[in-house]
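Worksheet for the structure shown next.
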Amino acid sequence: MSAALTLAPATGTPTSLLTVDLGAVATNLATIRAHTRAEVLAVVKADGFGHGAVAVARTALAHGATGLGATRLEEAWALRAAGIYAPVLSWLNPVDADWVRAADARVAVAVPSLAHLRAIASAAAHSGRTVTVHLHTDVGMSRDGASPTEWGPLVALAARAQRRGLVRVAGLMGHLGLADEPGGDPAGRAAFDRAVAVASAVGLRAPRHLAATAAALTDPASHHDLVRVGAGLVGIDPSGTVALRPAMRLTAPVVQVRDVPAGSLVGYGRSHRTRTATRLALLPVGYADGLPRQAAERAAVLLGGRRRPVVGPISMDQVVVDLGSDPCPVRPGDLATVFGPGDDGEPTIHDWARWAHTLPHAIVTGLGERATRCWLPAGAHR
Ligand SMILES: *Cc1c(COP(=O)(O)O)cnc(C)c1O
């Protein structure tokens, strides 16, 4: 079935635009700080949850965060290369990571096992450096961090290595697995308290940190000296209890508008056939740009002042939106908002996550390279 009418396509390269509102990051950090007396470590792993690690880091530091968190050391190097000299903690590295470089860059590293600590102490001994470490205890996820059986030997060895000047123990850390559930994670908190007591029995005392965003917002008993906040900075509250502001907006220009008769198939396969004659708009964003295919037939975008359903499958590079018989014109070049903070009725990352049965975290960290990225400075008027 051919299109009855095809309007002229927009000229130029159609490009989607990813706008990060650093003012939202600042606002979210203020909200989080109002919930805790602890220091805030801004977690900027995975490129600042897709928002730009350097931009989010600078904004957070300018608004009261006292340090930065990164998963891998490579992420820490990138912060240093950008001229950010605030304390950085990196917590997931192979045993043979470049511990000497970490010491030279004044990047602290989490220690999740005896094997890691031995490698760090040996690198320190050979190079004459002191590596700053945070001892990481598993409090119930069987994931990262030393198991309860390994923890005792780990803190004992760390105390000896500290006396020899090989390491400086600057933190005791854990990470809660159930903090986003109502009631929080009391078992995880208790496991952490036991681990702290074991460390203190061998003479190790250091700032303690356990809470991430959900616990920072809901469970003061977990805050200790420092909270590590990532998702909350960019507007995601895993506990679902506090209104934070999503910092990301994704827009895409309409490439083409066409009228189709009733019964037209839309996109690959037979998943969608138009029920009536209708007008369709083509947007140049698809799953390669991070739109989850699983959201098809539930998803919508804001276009021409209204939410319009995405119809047919989400392709790699494009989606089709049904404009219906709305007399308000939508033309090539008009901007559709795929998601944003929701101020004008546009979908949010939370909507997309619901439509795709995933987490908003996965939406923001899964965006492709193609969108042009730009950052609105904190303090700029929206
Ligand atoms: C990702 C992560 C955080 C931040 O968690 P959010 O829920 O995004 O605030 C804190 N600590 C560790 C160890 C992490 O991996």
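The values are calculated or read from the model by the stated rules, or taken from the named source; none is laboratory data. Everything numeric here is computed off the predicted structure, so don't read it as measured data. Neighbour counts run over all protein chains shown; Cβ positions are idealised from the backbone, glycine included.
Remark: pairs (first residue in the range 116-130, farther than 11 Å from Ala158 by Cβ; second residue of a type in the set (S, T, N, Q); Cβ separation under 8 Å; 6+ apart in sequence or on different chains) = Ala124/Thr130. Would you check if Ala215 is more than 15 Å from the ligand (Cβ to nearest atom) and within 19 Å of the chain's Cα centre (by Cα)? In short, no.
Given the structure, is Val109 within 16 Å of the ligand (Cβ to nearest atom), buried (at least 17 other Cβ atoms within 10 Å of the Cβ) and without any contact (Cβ under 8 Å) to a residue 24 or more places away in the chain? Against the criterion (within 16 Å of the ligand (Cβ to nearest atom), buried (at least 17 other Cβ atoms within 10 Å of the Cβ) and without any contact (Cβ under 8 Å) to a residue 24 or more places away in the chain), Val109 does not qualify. Taken together, Ala221, Ala214, Ala206 contain a single residue that is surrounded by fewer than 24 Cβ atoms within 10 Å (Cβ to Cβ), assigned to a helix (DSSP H, G or I) and modelled with pLDDT of 95 or more, which is Ala221.
For the condition part of a loop (DSSP other than H, G, I, E, B) and farther than 17 Å from Gly52 by Cα, Gly379 qualifies. Taking the criterion of being over 22 Å from Arg331 (Cα atoms), of a type in the set (A, V, I, L, M, F, W, C) and surrounded by 20 or more Cβ atoms within 10 Å (Cβ to Cβ), the residues of the range 224-269 that qualify are Leu226, Val227, Val229, Ala231, Leu233, Val234, Ile236, Leu244, Ala247, Met248.
Let's see how each residue does on (1) among the aromatic types (Phe, Trp, Tyr); (2) touching a residue at least 60 places away in the same chain (Cβ under 8 Å):
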| residue | (1), (2) |
| --- | --- |
| Pro332 | no, yes |
| Ala336 | no, yes |
| Gly345 | no, no |
| Arg354 | no, no |
| Thr365 | no, yes |
| Glu369 | no, no |
| Thr372 | no, yes |
| Trp375 | yes, yes |
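Taken together, Leu68, Leu114 contain a single residue that is under 20 Å from the mean Cα position of the chain (by Cα) and within 27 Å of Ser222 (Cα to Cα), which is Leu68.
The residues listed here are Ala55, Ala102, Ala46, Ala65; of these, the one that is within 16 Å of the ligand (Cβ to nearest atom), of a type in the set (Gly, Ala, Ser), in a helix (DSSP H, G or I) and in contact with a helix residue (DSSP H, G or I) (Cβ under 8 Å, 6 or more places away or on another chain) is Ala46. Considering (1) more than 16 Å from the ligand (Cβ to nearest atom); (2) under 26 Å from Ile236 (Cβ atoms); (3) surrounded by 14 or more Cβ atoms within 10 Å (Cβ to Cβ), the lone condition that Pro186 does not fulfil carries the number (3).
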